[in-house]
Amino acid sequence: HWQDLGYLIVYVTGRPDMQKQRVVAWLSQHNFPHGIVSFCDGLVHDPLRHKANFLKSLITE
């Protein structure tokens, strides 16, 4: 629905990029619409900060 309205769907996760295949498969199995998935580069100790920084970077671009 949101894609039909012209929105770009972005999923932001605190999971490391090595879990990409598993996360994308889970989203698909649960009928989430296609979108961009942002992962952490490796393991992070503060996933909420990673998510907040990613969203802030979208606003400033």
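The values are calculated or read from the model by the stated rules, or taken from the named source; none is laboratory data. Quantities reported herein were computed from a predicted structural model and do not represent experimental measurements. Counting neighbours? That spans all protein chains shown, and the Cβs are built from the backbone with ideal geometry, glycine included.
General observations
- Lone qualifier among Gly42, Gly6, Gly14 - being of a type outside the set (D, E, K, R), at positive phi and in contact (Cβ under 8 Å) with a residue 24 or more places away in the chain: Gly42
- Residue that is modelled with the lowest pLDDT [pool: residues in the stretch 1-43 that are out of contact with any strand residue (DSSP E or B) (no Cβ under 8 Å at 6 or more places or on another chain) and assigned to a loop (DSSP other than H, G, I, E, B)]: His1
- On the stretch given as the stretch 8-26, residues that are touching a Ser or Thr at 6+ places or on another chain (Cβ under 6 Å) and loosely packed, with under 12 Cβ neighbours inside 10 Å total 0.
- Residues of the stretch 20-61 that are among the hydroxyl-bearing types (Ser, Thr, Tyr) and more than 12 Å from the chain's Cα centre (by Cα): Ser28, Ser57, Thr60.
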